[in-house]
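Heads up, the thing below is written out as structure tokens.
The values are calculated or read from the model by the stated rules, or taken from the named source; none is laboratory data. Keep in mind that this is a model prediction, so the values were computed, not measured. All Cβ positions, even for glycine, are placed from backbone atoms using ideal geometry, and neighbour counts span all protein chains on display. What goes into the accessible areas is simple: the full protein's heavy atoms, side chains included, and nothing from ligands, DNA or RNA. Shrake-Rupley method; radii C 1.70, N 1.55, O 1.52, S 1.80 Å.
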Amino acid sequence: MEVQVMQDILGKNDRIAAENQALFADKKIFVLNLMGSPGSGKTTLLERTMAALKDELHMAVIEGDLFTTKDADRIAKYAVPVMQINTSGGCHLDAPMVQEVLSQLVLDRLDLLIVENVGNLVCPAEFNIGEDAKGVVLSITEGDDKPMKYPLVFKESSIVLLNKVDILPYTNFDMAAAREDIHTLHPDVKLVEVSCVQDTGLKDWYDWLRAKVRAKKG
Amino acid sequence: MHEMAVAEGILDIALDYAAKNQAEKIGKIGLRLGEMAGVETESLEFCFESLVKGTIAEGAELALHRMPLVGRCRKCGHETHIEHYNFICPACGKGALDIISGRELQVEYLEVD
Ligand SMILES: Nc1nc2c(ncn2[C@@H]2O[C@H](COP(=O)(O)OP(=O)(O)O)[C@@H](O)[C@H]2O)c(=O)[nH]1
Ligand SMILES: [Mg+2]
Ligand SMILES: [Zn+2]
């Protein structure tokens, strides 16, 4: 006997993501799901961001990590609320994991919540967590071929941060080719070149966050 | 390796629909899989096989119905198969192509006894 089904395989995750999204809408919090390879500089970017915007915005961070609290400890130094999710080997965060820690965060006064996903260019892009936007950090040392090798994460992201431009002179990374590939994949994506250690290019990123937070406040 | 999570999603849905139809055995599961669904099918089959052991879906075949990646131009409305992940409209050369098919990840049907 044949039984008609027509159900989204990730439908259960999507339903919880919608619940998270409704909560963020109610509290008017802009939520960014930040993705990228291990070592691309996600946590360093967040450290910079917390230092630069903490007098201006009420921020919180959720740190996704396989086993450790190392990244959360780095963020906590900035006196910003930070929640840790350990996936115990899981390669991505999903909506139920985020929902579980949300109950322990004081959301009432928040403007901006950034979720650092598990370091991985593949899996996190498949799982909505209820975010307003996704972002990806790609570092120069990963190579300029990565956008076309991992198209989904670049397609899903509203902003791409090309990090570690300070070491461009020491690599064969072709910036023009990388920009061209990212533009082809996602013509209206926001693309910023930054160095988190030399503190360059970050103003564009802060302005993007400010505009998103303002839009969410309505 | 999110294919394990995908395999779990498939099994959940299949067991649910099998129970609703008083089925005792699931022989085949029809999947709709977009070209840009981001699922590695070999790894999905491997995960699924190990997951279904001891359930009524043990030995079930995954039948894949692949959906091409198709976009529609925001500027001129042209519809086209997207080649090499190039999302710039080949007709007008300006507009961005919005995906209208190719991201599907669904269970279409089951064959049960
Ligand atoms: N040269 C250089 N190194 C950076 C930059 N940003 C981060 N790093 C370094 O890259 C390494 C990984 O950074 P981290 O923020 O932990 O990456 P994550 O795994 O994506 O969170 C650390 O040693 C950082 O100091 C940058 O702009 N330039
Ligand atoms: Mg990190
Ligand atoms: Zn066009």
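Within the range B:45-81, track down each residue that is assigned to a loop (DSSP other than H, G, I, E, B) and touching a residue at least 40 places away in the same chain (Cβ under 8 Å).
So the first thing to find is which residues in the range B:45-81 are assigned to a loop (DSSP other than H, G, I, E, B), and the list is B:52-60, B:68-69, B:74-78.
Those that are assigned to a loop (DSSP other than H, G, I, E, B) and touching a residue at least 40 places away in the same chain (Cβ under 8 Å): B:V52, B:T55, B:I56, B:A57, B:A60.
Restricting attention to the range A:38-63 and to residues that are within 14 Å of ligand 2 (Cβ to nearest atom) and open to solvent by 20 Å² or more (accessible area, probe 1.4 Å), the residue that is nearest to the other protein chains (Cβ to nearest Cβ) turns out to be A:P38.
Residues that are touching a helix residue (DSSP H, G or I) at 6+ places or on another chain (Cβ under 8 Å), surrounded by 14 or more Cβ atoms within 10 Å (Cβ to Cβ) and at the interface with another protein chain (Cβ under 9 Å from one of its Cβ atoms): does the range B:68-86 have at least one? Yes; the residues of the range B:68-86 include at least one that is touching a helix residue (DSSP H, G or I) at 6+ places or on another chain (Cβ under 8 Å), surrounded by 14 or more Cβ atoms within 10 Å (Cβ to Cβ) and at the interface with another protein chain (Cβ under 9 Å from one of its Cβ atoms).
When A:L113, A:L121 are checked against the criterion of being more than 11 Å from ligand 2 (Cβ to nearest atom), open to solvent by less than 30 Å² (accessible area, probe 1.4 Å), out of contact with any Ser or Thr (no Cβ under 9 Å at 6 or more places or on another chain) and not β-branched (V, I, T), a single residue qualifies: A:L113. For the range A:1-51, taking the residues that are among the hydrophobic types (A, V, I, L, M, F, W, C) and in a loop (DSSP other than H, G, I, E, B), the one that is farthest from ligand 1 (Cβ to nearest atom) is identified as A:M1.
Within the range B:89-105, the set of residues being part of a strand (DSSP E or B) and open to solvent by 40 Å² or more (accessible area, probe 1.4 Å) comprises B:D98, B:I99, B:I100. Could you grab me the full set of residues in the range B:27-47 that are more than 9 Å from the chain's Cα centre (by Cα), open to solvent by less than 80 Å² (accessible area, probe 1.4 Å) and more than 9 Å from chain A (Cβ to nearest Cβ)? Result: B:G27, B:T41, B:S43, B:L44, B:E45, B:C47. Scanning the range A:16-40 for residues being among the polar types (S, T, N, Q) and either modelled with pLDDT under 95 or more than 21 Å from A:L121 (Cβ to Cβ) (or both) gives a total of 2. Among the residues examined, B:H65 qualifies as within 18 Å of the chain's Cα centre (by Cα) and at negative phi.
Does any residue of the range B:55-64 turn out to be modelled with pLDDT of 95 or more, open to solvent by less than 70 Å² (accessible area, probe 1.4 Å) and within 25 Å of A:D188 (Cα to Cα)? No - not one qualifying residue is present in the range B:55-64. Residues in the range A:86-119 that are outside any loop (DSSP other than H, G, I, E, B), within 14 Å of chain B (Cβ to nearest Cβ) and in contact (Cβ under 8 Å) with a residue 60 or more places away in the chain: A:A95, A:P96. Can you work out which of the residues in the range B:6-25 that are among the small types (G, A, S) and open to solvent by less than 30 Å² (accessible area, probe 1.4 Å) is nearest to the other protein chains (Cβ to nearest Cβ)? Per the stated criteria, the residue is B:G9. Would you confirm whether or not the range A:109-122 contains a residue that is over 16 Å from the mean Cα position of the chain (by Cα) and more than 21 Å from A:W205 (Cα to Cα)? Taking every residue of the range A:109-122 in turn, at least one turns out to be over 16 Å from the mean Cα position of the chain (by Cα) and more than 21 Å from A:W205 (Cα to Cα). Given the criteria of a type in the set (S, T, Y) and either more than 15 Å from ligand 1 (Cβ to nearest atom) or in contact with a His (Cβ under 7 Å, 6 or more places away or on another chain) (or both), does A:S139 qualify? Spelling it out, it is not the case that A:S139 is of a type in the set (S, T, Y) and either more than 15 Å from ligand 1 (Cβ to nearest atom) or in contact with a His (Cβ under 7 Å, 6 or more places away or on another chain) (or both).
Filtered by the rule that a residue be open to solvent by 70 Å² or more (accessible area, probe 1.4 Å) and in contact (Cβ under 8 Å) with a residue 12 or more places away in the chain, the range A:194-216 gives A:V197, A:Q198, A:D199, A:D204, A:K212, A:A215.
From the list A:M148, A:M83, pick out the single residue that is part of a strand (DSSP E or B) and open to solvent by 20 Å² or more (accessible area, probe 1.4 Å).
Details: A:M148 fails: part of a strand (DSSP E or B).
Testing whether each residue is part of a strand (DSSP E or B) and open to solvent by 20 Å² or more (accessible area, probe 1.4 Å) leaves just A:M83.
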